[in-house]
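Notes follow once the structure below has been shown.
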Amino acid sequence: MAVITEDNRKWWLLVAVSCVLGLVLLDETVVGVALPTIEDELGLSVNQSHWVVNSYLLVFACFVAVGGKLGDQFGMLPMFLIGLLVFGLCSVIGGFSPSGDVLIAARAIQGIGAAIIFPLFVAMTTMTFAKEQRGFALGIGGAIGTIFLSLGPLVGGLLTDLLSWRWIFWINPPIVVVIGLIAFLTWRDVDRPKAPPIDWTGLALIASGMFCTIFSLMQSEVWGWASPLVYGLFAAGIVLLLVFVWYELRVAAPLIEVDLFVNPAFLASNLTIFMAQYTKMPIFIFAAMYAQEVLGLSPLGAGLLVMLAAITQPFIAPYCGKLTDSHEPGLLVTGGMVGLGIAMALMAITAPLDTTWLFAIGIIITGLAMPFVFVPTQTAIMASLPEHKHGQGGGISMTSQMIGGTVGLAVSGTLFAFHKDYALVFATTAVLLFVLAVVCFILFRKSVTQSA
């Protein structure tokens, strides 16, 4: 029987915090397969079902920038346990939800828990392992997280088919309890400089700006594009986000150092991460819905189909890491985005044919291309910043990633609501990928020229 000792406790901690990363990533993919069933059982509209996903992503995106700073302010272990408690309790409430409104609210608060624990994975791993072991430790953590991500569609389909969609939430609390116990027994705090104060004004500005923008897009289906409320909220959101940028450039300890985006490689990397996460929404939400509503697959069958987009990633990611060491990251990233664009275009072309195996080819290609988008960008971000800015750079990339997901679902959901056309959702994503591939290639080239 394995026993926690002072010699092995750091490895126990690594497994625990990596499983937290896995749970957060699992929640990205596990819900999509169950959405049609949740719609039927709770009597949700398509718009409400999308809010089940986007309430989590939106709150996550707004608060992830402050999650790691809360650990610096109030202690890593206390905030980690609080985040776990919020995440676990909201999972229980989500599973017992009698209505869509309760489920959406539970998912929104669960996003706060995820925003706290997600950045602490990197911080706690970095503080526990010596510098020469950190890369290896973070690699193991990323591999565990990716395994959770790849199993999400299968787990969601299996539980929905054999038990109930409610079990996709109820599986979280037992894991959370074990993780919390291991973390409590294995964490050792270290001395570190006093953290700067948290920029609560910046947080309020970005959260309110994001909410107004996303809410107006998603509610346009209900209120109509001609509604003054839609235009008013969208305009208010844009103004709030512009004020956020203005304020962050002037405050001493900003929530997000927006002036870092002057660096073309940093800007290109964050645009890439944004678009990669955007692309996950058509894959893990709309492809899963298409598989059930058009192809006639069961939740389990849809889960197996969508799983093709994730199952290859744990095997390809290490290879991408090696290529990143010997090749310019910009070329790999551009190739990955073009690959994703081709895959989404293929899904758009084959969607009207109602043929599972043809549609599956596009999904498989997304799984092959996705690591080429995510892995090199992390290297490019760190290389574009001085070492003392790495923490801030990592936090910004997490924010870009989560915002990409919530914008992706809002835009894709709005398109689908008005046209009821899955092919249009996939085609629009393909066009955006091709356009941003060109933009990012130019930015990466500019960065190489500047450093030469």
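The values are calculated or read from the model by the stated rules, or taken from the named source; none is laboratory data. Keep in mind that what you see is a predicted model, and the values were worked out from it rather than measured. Note that we place each Cβ from the backbone using ideal geometry, even for glycine, and neighbour counts take in every protein chain shown. Accessible surface areas use protein heavy atoms only, side chains included; no ligands, DNA or RNA. Shrake-Rupley method; radii C 1.70, N 1.55, O 1.52, S 1.80 Å.
If we keep just the residues of the stretch 234-260 that are free of Cβ contacts under 8 Å to residues at least 24 places away in the same chain and surrounded by 16 or more Cβ atoms within 10 Å (Cβ to Cβ), which is nearest to residue 220 (Cα to Cα)?
234
Exactly one of these conditions fails for residue 349: (1) among the aliphatic types (A, V, I, L, M); (2) without any contact (Cβ under 8 Å) to a residue 60 or more places away in the chain; (3) open to solvent by 20 Å² or more (accessible area, probe 1.4 Å); (4) more than 26 Å from residue 119 (Cβ to Cβ). Give me its number.
Condition (2) is where residue 349 drops out.
For residue 31, indicate whether it is modelled with pLDDT under 85 and part of a helix (DSSP H, G or I).
The answer is yes for residue 31.
Within the stretch 370-429, work out how many residues are farther than 17 Å from residue 266 by Cβ and of a type in the set (Ser, Thr, Tyr).
6
Residue check, residue 279 against (1) within 17 Å of residue 61 (Cβ to Cβ); (2) open to solvent by 20 Å² or more (accessible area, probe 1.4 Å); (3) of a type in the set (Ser, Thr, Tyr), all met but one. Which one?
Residue 279 satisfies all of (1) within 17 Å of residue 61 (Cβ to Cβ); (2) open to solvent by 20 Å² or more (accessible area, probe 1.4 Å); (3) of a type in the set (Ser, Thr, Tyr) except (2).
Residues of the stretch 282-301 being among the hydroxyl-bearing types (Ser, Thr, Tyr) and either open to solvent by 10 Å² or more (accessible area, probe 1.4 Å) or farther than 18 Å from residue 30 by Cβ (or both), which ones?
298
Return the only residue of 362, 339, 321, 330 being open to solvent by less than 10 Å² (accessible area, probe 1.4 Å) and under 24 Å from residue 398 (Cβ atoms).
Answer to the selection: 330.
Can you find a residue that is free of Cβ contacts under 8 Å to residues at least 60 places away in the same chain and either open to solvent by 10 Å² or more (accessible area, probe 1.4 Å) or of a type in the set (D, E, K, R) (or both) anywhere in the stretch 20-33?
No, the stretch 20-33 contains no residue that is free of Cβ contacts under 8 Å to residues at least 60 places away in the same chain and either open to solvent by 10 Å² or more (accessible area, probe 1.4 Å) or of a type in the set (D, E, K, R) (or both).
Give the residues of the stretch 411-433 that are surrounded by fewer than 16 Cβ atoms within 10 Å (Cβ to Cβ) and modelled with pLDDT of 90 or more, sorted by residue number.
431 - this is the single residue of the stretch 411-433 that is surrounded by fewer than 16 Cβ atoms within 10 Å (Cβ to Cβ) and modelled with pLDDT of 90 or more.
Across the stretch 280-311, which residue is nearest to residue 365 (Cα to Cα) among those that are assigned to a loop (DSSP other than H, G, I, E, B) and among the small types (Gly, Ala, Ser)?
Applying the filter and picking the extreme gives 309.
Does residue 68 count as within 18 Å of the chain's Cα centre (by Cα) and either assigned to a helix (DSSP H, G or I) or at positive phi (or both)?
yes
Step by step: first the residues of the stretch 94-114, then only those that are of a type outside the set (Gly, Ala, Ser) and in contact (Cβ under 8 Å) with a residue 60 or more places away in the chain, then the one that is nearest to residue 66 (Cα to Cα). Which residue is that?
Residue satisfying both the conditions and the ranking: 110.
Can you run down the residue pairs with Cβ atoms below 9 Å, 6 or more apart or on separate chains, where the first is in the stretch 129-151 and at pLDDT below 70 and the partner is part of a helix (DSSP H, G or I) and open to solvent by 60 Å² or more (accessible area, probe 1.4 Å)?
Pairs that qualify, where the first residue is at pLDDT below 70 and the partner is part of a helix (DSSP H, G or I) and open to solvent by 60 Å² or more (accessible area, probe 1.4 Å), are 139/318.
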